[in-house]
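The values are calculated or read from the model by the stated rules, or taken from the named source; none is laboratory data. Computed from a predicted model, the values in this text were never measured in an experiment. Glycine also receives a Cβ, built like all others from the backbone with ideal geometry; neighbour counts cover every protein chain displayed.
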Amino acid sequence: MTDVQQHTPSIHLSGEEPRVLPNGEREFFFDVSTSDLEVNMGPQHPATHGVMRVLLRTDGELVTGAQPHLGYLHRCAEKIGENVEWLQYLPYTDRYDYLAAMNNNLGYSLAVESLMPDLEIPRRATLLRTICAELNRIASHLIAYGTYGLDIGAFTPFFYAFREREWIQALFEKICGARLTYSFIRIGGVFNDAPPGWLKEVAAFCDVFEEKWREYYDLLVTNHIFVMRTKDIGVISAEMAYDFGLTGPMLRGSGVDFDLRRDLPYMAYKEIWDAGAFRIPVGRGAQGTLGDCWDRFDVRVQEMMESIKIIRYCLEVIEEGEVIGDVPKVIKVPAGESYVGIENPRGELGHYVHSDGGKVAVRCRVRAPSFVNLAVLEDLMPGTLLADSVAIIGSTDIVVGETDR
Amino acid sequence: MEFQAIVDRLRALEAPGIVSADEPRPANKAEKDPGRSGRPFLVIEPDKLVDFLRVCRDDERLAFEILIDLTASDPGADEPQLWILVELLSVRHRHRLALKALLPKENPTLPSATAVYRAAQWHERECMEMFGVTFEGHPDPRNILLPDDWVGHPLRKDYEFPTEYHGVSCE
């Protein structure tokens, strides 16, 4: 046994002298130098989910540093917001988080409406907004589900996720004519009423999706190989999440029970919560350490089911009525300033809007959840293996259109 | 807690740098005041902002664990000041607080809040490139969204659009 061990080639650090074996020969020698190496991940890398570059510093297989470089998709959204009329800016909001455009429309509309105390939003509009926002949350989380599997190496779930997402997009196409950039939720309400039978189609989608969801959960979330790849890596403690200002599933994955829809409710969410229609999934450390990649992923997948419950509640209570309040064609917003944050699929989407009473905003700031959530990478990556870096970046679920705006 | 209760608590704690509360008010036609809608802001001295944030974070009854947003605003080309706007959120008590600090446009400088909230790091980098605000003691003061050699601060109201960039005409 000892002989075998002596003849087994071993890895030496460069500069170390090879040992002389008992038979007089010098030991077989791998000269592996492990100096620092800088690796560019991106800008065109499938796992960065867009045009983003992460500069990784590696020592062998170990990542010793990561520095995200952004700005490749910077389209000056905030500057545009200061140069176009209030309603004209709405289509630009579609384009920051292009996977959840309904939610972006909603965030901007609510921010502008907060400056217009006289404007009343009809109840049917509020419920249609809720249905669309939650449908879009499901579509967005389906992408997160599918592409995260893809990052890890599971190809099949991606196709199933896109099949259901296609259905949601078809529903959106029927209600507003667009499949990705909707501009449907407007200042004052929604653009138009749902076409006849649309609400029934949404109910049919909910029925099918509920059934499929259980299969998807078993297919990927509790899949043994997937769990082995994602548990105990990229651990974010609750303190770290607070410090970096993480919100949404990133925060809840660390075991913090906080959701703006329940804790600082807007629209009809207080009523929906009080009716006991949904709950808030929170990371529990069920497969490993609390706050690891698996927990964040699990929270997202469970949220889809909660969204279905919210939609079902809205479908139950929705009645006929107006869908847009009394808004002129060219909106003049009273002077004032306000910050309004809503729960987007990726965290808190905030708009700080400042009006001087005119047709154009003085300042239109976008607090993008992906931008803030991405900053944690700088601290999260050092000390992990290179092979895990893709899993960690994937678990932040960023949309680069939103980080760069 | 509501805004007024938070301000009272901060005053009782003698939090440094409180100037005034900027609250919404109805329009007054007699005095030609257009009024102000929206949410209340607490105005803070910029030099004391970091100490103020530390009080907000560490006090048990305020417990602002998260710095949601830090940004600046240029209210107009004729205005003498830039605004620094901070949004805080308490997960434990489920309340928010919006802060505002007024800075002179000439050489706007304030200490970096990175030591209190790490979340401020990227927000401050964005503020630096977009408004030309200097955050003293920032650990990584590079541009974040703009190229490193970009000239000017695009979100300032007196910003002039470039006519060319690296030999490419933009007109």
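Remarks
- Within region A:343-390, the set of residues being assigned to a loop (DSSP other than H, G, I, E, B) and within 22 Å of residue A:303 (Cα to Cα) comprises A:345, A:346, A:368.
- Flag if residue A:391 is in the same structural domain as residue A:88 (by TED's automatic domain parsing), buried (at least 22 other Cβ atoms within 10 Å of the Cβ), of a type in the set (A, V, I, L, M) and in contact with a Cys (Cβ under 7 Å, 6 or more places away or on another chain): yes
- Residues that are free of Cβ contacts under 8 Å to residues at least 60 places away in the same chain, within 22 Å of residue B:54 (Cα to Cα) and in a loop (DSSP other than H, G, I, E, B) within region A:234-257 comprise A:237, A:256, listed in sequence order.
- Residue list for region A:163-187, filter: over 30 Å from residue A:87 (Cα atoms) and either surrounded by 16 or more Cβ atoms within 10 Å (Cβ to Cβ) or small (Gly, Ala, Ser) (or both): A:164
- Verdict on residue A:168 being closer than 22 Å to residue A:342 by Cβ, without any contact (Cβ under 8 Å) to a residue 40 or more places away in the chain and out of contact with any His (no Cβ under 8 Å at 6 or more places or on another chain): yes
- Flag for residue B:71 being touching a residue at least 24 places away in the same chain (Cβ under 8 Å), buried (at least 17 other Cβ atoms within 10 Å of the Cβ) and not hydrophobic (A, V, I, L, M, F, W, C): yes
- Those strands (runs of 3 or more DSSP E) of region A:17-117 in which at least 1 residues are at pLDDT below 90, under 26 Å from the mean Cα position of the chain (by Cα) and farther than 19 Å from residue A:359 by Cβ, considering only elements entirely within it, cover A:37-41, A:53-59, A:62-69.
- Among the candidates A:165, A:124, the residue that is touching a Gly at 6+ places or on another chain (Cβ under 7 Å) and part of a helix (DSSP H, G or I) is uniquely A:124.
- One residue stands out in region A:104-127 among those that are touching a helix residue (DSSP H, G or I) at 6+ places or on another chain (Cβ under 8 Å), away from every other protein chain (no Cβ under 14 Å) and aliphatic (A, V, I, L, M): the one that is farthest from residue A:303 (Cα to Cα), namely A:121.
- Any hit, region A:198-209, residues being within 26 Å of residue A:351 (Cβ to Cβ) and β-branched (Val, Ile, Thr): no
- Enumeration of residues in region A:391-405 that are within 14 Å of chain B (Cβ to nearest Cβ) and either more than 15 Å from residue A:149 (Cα to Cα) or not in a helix (DSSP H, G or I) (or both): A:398, A:400, A:401, A:402, A:403, A:404, A:405
- Strands (runs of 3 or more DSSP E) contained entirely in region B:22-109, each with at least 3 residues that are within 21 Å of residue B:123 (Cβ to Cβ), facing chain A (nearest Cβ under 8 Å) and of a type outside the set (A, V, I, L, M): B:66-73
- If the condition is being part of a loop (DSSP other than H, G, I, E, B) and either out of contact with any helix residue (DSSP H, G or I) (no Cβ under 8 Å at 6 or more places or on another chain) or of a type in the set (Val, Ile, Thr) (or both), then region B:1-21 contributes B:2, B:14.
- Filter result for residue A:334 (in a loop (DSSP other than H, G, I, E, B), without any contact (Cβ under 8 Å) to a residue 24 or more places away in the chain and not polar (S, T, N, Q)): no
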